[in-house]
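*Asks:* One structure is given below, represented as structure tokens, and several questions about it will come after.
The values are calculated or read from the model by the stated rules, or taken from the named source; none is laboratory data. For clarity, every value in this text was computed on a predicted model and none was experimentally measured. All Cβ positions, even for glycine, are placed from backbone atoms using ideal geometry, and neighbour counts span all protein chains on display.
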Amino acid sequence: MRRILRCAMSCGAVATALVGPPVHGATINASSCAQSAVSSAISLANSGDIVQVPAGSCSWSGLSIAKPVHLKGAGTGQTNITLAGELGLVKQSSGVTRVSNFTFSRSGSGSATIGIRITGSWDAEPVVFQSNAFTVSSATLFRVESPGGFIFSKNSVNAGWDDIIFQLKDSGGGISWQTADTLGNRDSTGKKNHYIEDNTIYGGTNTTVDCDDGARCVYRYNTVTYSGFGSHGYDTSPIGIRHFEIYNNTWQYPTSGCSTQLANQNWLARLRGGTGVVFNNVMPNIAVACGWGDKPEVRLDLRGAEDVRPQGSCSSTRYPVPRQIGQNHNGTSYFTDPVYIWGNSLMWVGCTLEGEFSAGGAGRTVVWQEDAAGLFVTETFRDENRRSDIVRVRQHTDEKEINLNCGTLIATQWA
């Protein structure tokens with residue numbers, strides 16, 4: 001019965017419908033796509049106005065939008081903007097901010113290079129990006145510093161293997177983890193969750209989505225190729241992901257791209273904390289066809305004793321690790337709330353055994369022994385901020401599938 005209830009929750013109204021159609025005011029025409037012309041047009045606009053940007057190819061660096069207007073290009077491939085610096089948007093309480101009909105590109109020297117940064121109160125109206133095209137290379141395309149309130153719909157994205165397309169990370173602390181969940185139709189206004197829906201995404205293999213501190217992520221109806229949904233938990237971030245809904249997506253893994261780095265895909269969805277649902281996705285058996293080694297389609301991580309930050313050594317670790325996978329919060333206290341996974345195609349199930357690979361079986365849990373011969377590595381270092389010596393115990397393990405015939409592909413159809 002509980003599974004049926006969760007399904008009903010997760011099939012709620014589409015966020016863009018909750019936010020509603022654009023409220024059209026006056027149209028302010030920028031004289032060109034140059035940053036100075038666009039900035040001048042924005043300064044003349046009032047809440048609800050359209051700032052129309054004509055066709056052309058221009059470079060922006062440091063443009064800021066801090067009012068609820070609709071910045072609208074002439075169409076993808078028509079208004080082409082190279083982001084030489086950050087495009088900044090601040091969420092507004094007085095209305096929705098929209099950006100549509102542009103082609104944006106951003107390149108840099110790594111994930112610290114940000115293309116578009118979105119800030120503002122969690123309770124403010126959403127920022128909506130719709131009907132745009134994006135290309136990113138050696139950069140992070142979006143940094144969204146709020147638990148929710150970002151809508152990305154009907155866009156196309158091209159990215160490299162290690163490019164982050166969406167870094168969703170609350171910069172205001174842990175308020176999201178002290179507030180009851182907004183899974184499914186509990187987000188009655190469409191403001192509390194992030195919605196990434198109805199997009200076509202190619203690349204971003206390692207981290208298409210980085211659902212991080214306090215983020216409430218809904219990922220649905222996307223068609224993605226060589227793309228991975230990622231997250232951070234309390235083991236690798238100060239707070240960790242709040243909750244997630246991943247459904248009705250189509251992952252593609254064409255063998256025609258086997259020779260490219262993009263095909264070296266380590267997961268389709270990696271979940272490190274919180275609770276949520278994963279259902280009705282098309283999930284191919286990745287990596288095997290291209291010779292990169294078999295990898296999990298859905299990976300659930302719990303690293304409670306590996307790092308200093310969560311709980312220290314193994315002897316200090318207790319279940320549950322704070323904000324681990326399968327944990328929720330009702331606004332007063334934490335409680336256990338399992339992750340529900342059903343209706344996804346082509347899931348491989350097998351049991352790892354002990355012994356040499358030659359002994360057979362589906363696979364083994366292997367230990368990386370380059371810096372230590374044992375299962376655990378103990379390190380001691382001085383932390384002057386704490387005026388104490390820190391003892392850290394970590395472990396490097398992974399699962400190695402050695403015989404897929406010892407497992408089975410199943411299509412789960414649990415009600």
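*Asks:* Report, by residue number, each residue of region 49-75 that is under 14 Å from Ala30 (Cα atoms), of a type in the set (D, E, K, R) and part of a loop (DSSP other than H, G, I, E, B).
*Replies:* Asp49
*Asks:* With in the same structural domain as Ser153 (by TED's automatic domain parsing), surrounded by 24 or more Cβ atoms within 10 Å (Cβ to Cβ) and not aliphatic (A, V, I, L, M) as the only criterion, which of Gly73, Gly85 stands out? Steps first, please.
*Replies:* On the way: Gly85 fails: surrounded by 24 or more Cβ atoms within 10 Å (Cβ to Cβ).
Result of the check over Gly73, Gly85: Gly73.
Every residue, every condition in (1) outside any strand (DSSP E or B); (2) among the aliphatic types (A, V, I, L, M); (3) over 20 Å from Pro126 (Cα atoms); (4) at pLDDT 95 or above, yes or no:
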site: Gly173; (1), (2), (3), (4): yes, no, no, no
site: Ser176; (1), (2), (3), (4): yes, no, no, yes
site: Ser188; (1), (2), (3), (4): yes, no, no, no
site: Lys192; (1), (2), (3), (4): yes, no, no, yes
site: Tyr195; (1), (2), (3), (4): no, no, no, yes
site: Gly214; (1), (2), (3), (4): yes, no, no, yes
site: Cys217; (1), (2), (3), (4): no, no, no, yes
site: Gly240; (1), (2), (3), (4): yes, no, yes, no
site: Glu245; (1), (2), (3), (4): no, no, no, yes
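*Asks:* Output the residues belonging to region 146-181 that are within 15 Å of Lys192 (Cβ to Cβ) and charged (D, E, K, R).
*Replies:* Step one: of region 146-181, the residues within 15 Å of Lys192 (Cβ to Cβ) are 146-151, 168, 170, 172, 175-181.
Across region 146-181, the qualifying residues are Asp170, Asp181.
*Asks:* Quick test for you: out of Thr113, Thr97, Thr119, pick the one residue that is of a type in the set (Ser, Thr, Tyr) and touching a residue at least 40 places away in the same chain (Cβ under 8 Å). Walk me through it before giving the result.
*Replies:* Values: Thr113 fails: touching a residue at least 40 places away in the same chain (Cβ under 8 Å); Thr97 fails: touching a residue at least 40 places away in the same chain (Cβ under 8 Å).
Selected residue: Thr119, the only one of Thr113, Thr97, Thr119 that is of a type in the set (Ser, Thr, Tyr) and touching a residue at least 40 places away in the same chain (Cβ under 8 Å).
*Asks:* Run down Val136, Val127, Val144 and say which single residue is farther than 28 Å from Gly48 by Cβ and buried (at least 17 other Cβ atoms within 10 Å of the Cβ).
*Replies:* On the way: Val127 fails: farther than 28 Å from Gly48 by Cβ; Val144 fails: farther than 28 Å from Gly48 by Cβ.
None of the others qualify; the one that does is Val136.
*Asks:* Looking only at region 207-240, how many residues end up being within 12 Å of the chain's Cα centre (by Cα) and either under 14 Å from Tyr253 (Cα atoms) or not assigned by TED's automatic domain parsing to the domain that holds Ser100 (or both)?
*Replies:* Within region 207-240, residues that are within 12 Å of the chain's Cα centre (by Cα) and either under 14 Å from Tyr253 (Cα atoms) or not assigned by TED's automatic domain parsing to the domain that holds Ser100 (or both) number 2.
*Asks:* Right, something else. Just give me the residues in region 252-276 being assigned to a loop (DSSP other than H, G, I, E, B) and of a type in the set (A, V, I, L, M, F, W, C), in sequence order.
*Replies:* Pass one, region 252-276, residues assigned to a loop (DSSP other than H, G, I, E, B): 253-254, 258-260, 264-268, 272-273.
Those that are assigned to a loop (DSSP other than H, G, I, E, B) and of a type in the set (A, V, I, L, M, F, W, C): Cys258, Trp267, Leu268.
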